[in-house]
Amino acid sequence: MNKLNQLEEANKRIYDVGKDLTSLQEILQAPKLRGTLGELFLSDLLAQILPSQHYALQHIFKNGQTVDAIVKLRDEWIVPVDAKFPLENFKKMMGEHDENLRENFRKIFLSDVKKHIDKIASSYILPNEHTMDFALMYIPAENVYYEIIIKGYEGRGDQNLIEMAYKKKVIPVSPNTFYIYLQAILIGLKGLQIEKGAKEILNHLLHLNKDLSKLSEDFDLVGTHLVRAKNSYDASEKRLRKFEDT
């Protein structure tokens, strides 16, 4: 009876957890909330890797568009990062068991992605506002990234989507690949800091060299004055000896 009571209690806890998961799933049905969570994960990943002065969230361009994040490089250049990825039809595709309907949702999903790539290219790649000539499209889940990128090279016919993204200078990144991008950027930023430090040292050495040159000139001038003073002293001493002898 004790074992049965413990089992009943365990089942009740599992049931409560199931209800909580169902509630969470219902909450996440809202695309806006899922987008907010995607932006939150993006900001958390940026904060883990980059110093705070090298990224910013919700950057507003002069055209009124707001990008989810930017990575700040040297000389005020920035890399835009978009996290508002369309997932509605991907979710429908994954939940559909009928193969024909599943393929229809997949085509709609890929169409959504193409539209999103166009929007990123036209809204965020703005060299006149010091953006690089490319932008990153953050895909918040590895399985979505796999569906777009990996399956595209397995003969599913998505090559056009990938080629389109690269032609428009939009680079898709998943959480894992974005981590690699950020690490590469971090290495570059550290290299820039070393370069900046080396330039400062070189400037100090140049100033020191100028100071040494000035000191050398002053030293030579003092030496010249001392030589002249010694010559005058020797000449005066000779005249004094002559005067004493007379």
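No lab work stands behind these numbers, since they all come straight from the coordinates. All values reported here derive from a predicted model rather than from experimental measurement.
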Give me the number: length gained by fully extending residue 224 to residue 108, i.e. 0.36 nm times residue separation minus the C-alpha to C-alpha distance, one decimal in nm. 32.7 nm
Using alpha carbons only, how many angstrom separate the centre of segment 110-133 from the centre of segment 35-81? 15 Å
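With 24 Å as the limit, write out which pairs from 92/169; 72/114; 62/84; 62/169; 62/91 have Cα-Cα distances beyond it, or answer none. Please list the in-between numbers first.
Numbers: 92/169 29 Å; 72/114 27 Å; 62/84 20 Å; 62/169 20 Å; 62/91 34 Å.
Over 24 Å Cα-Cα: 92/169; 72/114; 62/91.
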Across segment 45-57, in residue order, what do the Karplus-derived ³J(HN,Hα) couplings come to in whole Hz, using 6.51 cos²θ - 1.76 cosθ + 1.60 with θ = phi - 60° and x for Gly and Pro? 5, 4, 5, 6, 10, 9, x, 4, 6, 10, 8, 8, 9
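Just the Kirkwood number for segment 40-123, please: inverse of mean 1/r across all distinct Cα pairs, in Å, one decimal. All intermediate terms of the calculation are to be shown ahead of the outcome.
Values: mean 1/r = 0.0670 Å⁻¹.
After inverting the pairwise mean of 1/r, the radius is 14.9 Å.
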